[in-house]
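Heads up, the thing below is written out as structure tokens.
The values are calculated or read from the model by the stated rules, or taken from the named source; none is laboratory data. All of these numbers come straight from a predicted model, not from anything done at the bench. Please note: Cβ atoms are built from the backbone with ideal geometry, for glycine as well, and neighbour counts cover all protein chains shown.
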Amino acid sequence: MKILILGAGQLARMMSLAGAPLNLNVVAYDVGSQKIMHPLTGEIYTTTLEQAISDADAITAEFEHIPDDVLTLCCNSNKFYPGKAAIKTGGDRALEKSLLDKTNVACAPYQLITEKAHLELAVKTLGKPLVIKTCQAGYDGKGQWRLKSDDQIEQIWSEMADFIASGTQDAPHSIIAEKMIPFDREVSIIGARDKQGNVAIYPITENEHTNGVLTLSIAGKNNTLVEQQAHSAFTKIANELNYVGVLAIEFFDVNGTLLVNEIAPRVHNSGHWTQQGCHCSQFENHMRAVAGLP
């Protein structure tokens, strides 16, 4: 069986390794070079993206920031999992917040910003301090500001305005301001959903960060109430998206109440422990789901 992965980085390599014992032949599309390649050896193929889509039995992705035209081509084949809506939502915080509101899954109070008046409204209605994040193109702590006092507004708005102005009509840029939540810890839930809607969820992982980058994940330090909240959020979001594959959700734990911080429609770095800590890793379960295996 042939699997095409959009993206040719670390996660694609790990998926390829997990797929090999299942007799899944994996090739990757490098979004940067626009080349089809082998994710392990780096061999470049002469195959076009269109040919790779035609040859594939299933298509998936290792990250969210994929050009819309590439997503559309893959979705039109009816082979792409977890689907265009899931990938677009994972790559745009405005779409992500809309999904959370629709599914009634709790997150921090927020304000969408496309002009200076929205920033001033956020300061007035949400209070200070604020965490301000780009809706598009931000990751690992990049594309973020902390607003703690009114005298920061002009400088932060100047930087935000540059990002908003860099958008286009087809790909507009926006920003979200969130009330800063004094959380106890960050946790994440990783689960897999197959084409029939069956779900398997790993234990919650507690995450530690250094300068906004995940450096340590510990599984198993949780109570039943926290697990129930995480499982409920996972099920609501995965069902709404008709999701197929592995989905990760990051939460703030505030005195035992979970608020969603971020959704990742893919295998996730807080789940790397599943390679040695579980009978079936997140990478194997993702490949099983998209390939139609149990």
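The rows are residues; the columns are (1) modelled with pLDDT of 95 or more; (2) over 26 Å from Val290 (Cα atoms); (3) crowded, with 17+ Cβ neighbours inside 10 Å; (4) over 18 Å from the mean Cα position of the chain (by Cα).
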{"position": "Leu99", "(1), (2), (3), (4)": "yes, no, yes, no"}
{"position": "Leu130", "(1), (2), (3), (4)": "yes, yes, yes, yes"}
{"position": "Tyr139", "(1), (2), (3), (4)": "no, no, no, no"}
{"position": "Gln144", "(1), (2), (3), (4)": "no, yes, no, no"}
Consider Glu64 carefully, then state whether it is modelled with pLDDT under 95, closer than 30 Å to Leu259 by Cα, crowded, with 17+ Cβ neighbours inside 10 Å and not aliphatic (A, V, I, L, M).
yes
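When you look at Ala58, is it over 15 Å from the mean Cα position of the chain (by Cα) and either farther than 19 Å from Val246 by Cα or outside the structural domain of Ser232 (by TED's automatic domain parsing) (or both), yes or no? Step through it out loud before you land on a result.
On the way: over 15 Å from the mean Cα position of the chain (by Cα): yes; either farther than 19 Å from Val246 by Cα or outside the structural domain of Ser232 (by TED's automatic domain parsing) (or both): yes.
Yes: the conditions hold for Ala58.
In the stretch 37-47, is there at least one residue being more than 28 Å from Ile113 (Cβ to Cβ) and of a type in the set (Phe, Trp, Tyr)?
Restricting attention to the stretch 37-47, the residues satisfying the condition of being more than 28 Å from Ile113 (Cβ to Cβ) are 37-47.
Filter once more, so that each one left must be of a type in the set (Phe, Trp, Tyr): 45.
Within the stretch 37-47, one or more residues are more than 28 Å from Ile113 (Cβ to Cβ) and of a type in the set (Phe, Trp, Tyr).
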Would you mind stating whether Leu40 is in contact with a helix residue (DSSP H, G or I) (Cβ under 7 Å, 6 or more places away or on another chain), aliphatic (A, V, I, L, M) and buried (at least 17 other Cβ atoms within 10 Å of the Cβ)?
no
Just wondering, is there one or more residues in the stretch 161-175 that are touching a strand residue (DSSP E or B) at 6+ places or on another chain (Cβ under 7 Å), part of a loop (DSSP other than H, G, I, E, B) and either farther than 28 Å from His118 by Cβ or assigned by TED's automatic domain parsing to the domain that holds Cys278 (or both)?
no
Note: among Ile176, Ile181, Ile201, Ile190, just one is among the β-branched types (Val, Ile, Thr), surrounded by fewer than 20 Cβ atoms within 10 Å (Cβ to Cβ) and within 17 Å of the chain's Cα centre (by Cα), namely Ile201
Name the residues in the stretch 264-282 that are of a type in the set (A, V, I, L, M, F, W, C) and either surrounded by 24 or more Cβ atoms within 10 Å (Cβ to Cβ) or outside the structural domain of Asn198 (by TED's automatic domain parsing) (or both), would you?
Val267
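Being buried (at least 16 other Cβ atoms within 10 Å of the Cβ), at positive phi and not assigned by TED's automatic domain parsing to the domain that holds Leu130 narrows it down to one of Gly245, Gly256, Gly212, so name that one.
On the way: Gly256 fails: buried (at least 16 other Cβ atoms within 10 Å of the Cβ); Gly212 fails: buried (at least 16 other Cβ atoms within 10 Å of the Cβ).
Just one listed residue meets the conditions, Gly245.
Please pick out the residue among Gly197, Gly191 that is touching a Phe, Trp or Tyr at 6+ places or on another chain (Cβ under 7 Å), of a type outside the set (Phe, Trp, Tyr) and not assigned by TED's automatic domain parsing to the domain that holds Ile156. So that I can check it myself, show each step before the final result.
Numbers: Gly197 fails: touching a Phe, Trp or Tyr at 6+ places or on another chain (Cβ under 7 Å).
Selected residue: Gly191, the only one of Gly197, Gly191 that is touching a Phe, Trp or Tyr at 6+ places or on another chain (Cβ under 7 Å), of a type outside the set (Phe, Trp, Tyr) and not assigned by TED's automatic domain parsing to the domain that holds Ile156.
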Being under 25 Å from Ile87 (Cα atoms) and either surrounded by 14 or more Cβ atoms within 10 Å (Cβ to Cβ) or touching a residue at least 40 places away in the same chain (Cβ under 8 Å) (or both) is the requirement here; does Ala230 meet it?
yes
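Go through Thr48, Thr72 for me and flag whichever is farther than 22 Å from Ile263 by Cβ, surrounded by fewer than 19 Cβ atoms within 10 Å (Cβ to Cβ), in the same structural domain as Val26 (by TED's automatic domain parsing) and out of contact with any strand residue (DSSP E or B) (no Cβ under 7 Å at 6 or more places or on another chain).
Working: Thr72 fails: farther than 22 Å from Ile263 by Cβ.
After ruling out the rest, the residue left standing is Thr48.
Here's the yes/no breakdown for (1) among the aliphatic types (A, V, I, L, M); (2) part of a helix (DSSP H, G or I):
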| site | (1), (2) |
| --- | --- |
| Asn207 | no, no |
| Asn222 | no, no |
| Gln229 | no, yes |
| Phe234 | no, yes |
| Ile237 | yes, yes |
| Leu247 | yes, no |
| Asp253 | no, no |
| Glu262 | no, no |
| Gln276 | no, yes |
Taking Leu121 and the conditions (1) free of Cβ contacts under 8 Å to residues at least 12 places away in the same chain; (2) assigned to a helix (DSSP H, G or I); (3) under 25 Å from the mean Cα position of the chain (by Cα), which numbered condition does it fall short on, given that it satisfies the others?
(3)
Which one of Ser33, Ser16 is more than 27 Å from Thr168 (Cβ to Cβ) and either modelled with pLDDT of 95 or more or buried (at least 22 other Cβ atoms within 10 Å of the Cβ) (or both)?
Ser16
